[in-house]
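Data block below; observations after.
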Amino acid sequence: MEPVPLVAIIDDQEDMRGSLETLVEHIGYRACLFESAQAFLDRPDAAEAQCIISDVQMPGITGLDLCRRLAAVGDRRPVILVSAFATEAMRRRALAAGALCLLAKPIDTDAFIVLLRQVLTPPA
């Protein structure tokens, strides 16, 4: 039996982390929470996450910076960025940094579920 996928959730807002955790667990996945990109990078167990969901605007290392750092070391895990300021220009910057996509806050729950299932379902 396949292990339940683990999703890393990185956001400096506790309520957003909690909301995403609830949603991720509701659809059958596990979640690990981080209050910053640095906290994520500092935790060895973060390497177990099969997918990363990160806010763009955070103190210290931004979501865009995190994408660039992961890409620079060959980490190909899908990164879904979220932002309250999701403009077309921000979307282009997110994709250029290596993100899978940029979702606008508040997140469209149905679209998020479909996306997460696509990302975490192994090919047949």
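Which pairs do you get when a residue that is without any contact (Cβ under 8 Å) to a residue 60 or more places away in the chain, found in segment 71-90, comes within reach of a residue that is surrounded by 11 or more Cβ atoms within 10 Å (Cβ to Cβ) and among the basic types (Lys, Arg), reach meaning Cβ atoms under 8 angstrom, with the pair 6+ apart or on two chains?
Close Cβ pairs satisfying both conditions: SER83/LYS105; ALA84/LYS105; ALA86/LYS105.
Go through the residues of segment 2-10 one by one and say whether even a single one is surrounded by fewer than 15 Cβ atoms within 10 Å (Cβ to Cβ) and among the aliphatic types (A, V, I, L, M).
Yes - at least one qualifying residue is present in segment 2-10.
Scanning segment 15-66 for residues that are among the acidic types (Asp, Glu) and surrounded by fewer than 20 Cβ atoms within 10 Å (Cβ to Cβ), which turns out farthest from LEU115 (Cα to Cα)?
ASP42
Considering every residue within segment 86-103, establish whether at least one is more than 10 Å from the chain's Cα centre (by Cα), within 19 Å of PHE34 (Cα to Cα) and modelled with pLDDT under 95.
no
Please specify each residue of segment 72-85 satisfying the condition of being more than 17 Å from ILE10 (Cα to Cα) and either of a type in the set (A, V, I, L, M, F, W, C) or assigned to a helix (DSSP H, G or I) (or both).
ALA72, VAL73
Mind telling me which of the residues GLY74, GLY98 ends up being at positive phi and exposed (fewer than 15 other Cβ atoms within 10 Å of the Cβ)?
Unique residue meeting the criteria: GLY74.
Could you give every pair whose Cβ atoms fall below 8 Å, whose first residue belongs to segment 8-33 and is in contact (Cβ under 8 Å) with a residue 40 or more places away in the chain and over 17 Å from SER83 (Cα atoms), and whose second residue is of a type in the set (Lys, Arg) and assigned to a helix (DSSP H, G or I), counting only separations of at least 6 or pairs across chains?
Listed pairs, sorted by first residue: ILE27/ARG117.
Any residue in segment 49-56 that is among the acidic types (Asp, Glu), part of a strand (DSSP E or B) and under 19 Å from ASP15 (Cβ atoms)? Outline the logic, then answer.
Residues of segment 49-56 among the acidic types (Asp, Glu): 55.
So of that shortlist, the ones also part of a strand (DSSP E or B) come out as 55.
From the residues that got through so far, the ones that are under 19 Å from ASP15 (Cβ atoms) too are 55.
Yes.
Answer yes if at least one residue in segment 105-112 is touching a helix residue (DSSP H, G or I) at 6+ places or on another chain (Cβ under 9 Å), in contact (Cβ under 8 Å) with a residue 12 or more places away in the chain and not in a loop (DSSP other than H, G, I, E, B), and no otherwise.
So far as segment 105-112 goes, yes, one or more of its residues are touching a helix residue (DSSP H, G or I) at 6+ places or on another chain (Cβ under 9 Å), in contact (Cβ under 8 Å) with a residue 12 or more places away in the chain and not in a loop (DSSP other than H, G, I, E, B).
Can you name every residue in segment 5-31 that is in contact with a helix residue (DSSP H, G or I) (Cβ under 8 Å, 6 or more places away or on another chain) and in a loop (DSSP other than H, G, I, E, B)?
PRO5, ASP11, ILE27, TYR29
The values are calculated or read from the model by the stated rules, or taken from the named source; none is laboratory data. None of these values were measured; they are calculated from a predicted model. Don't worry about glycine lacking a Cβ; one is built from the backbone with ideal geometry, like all the others, and counts go over all protein chains shown.
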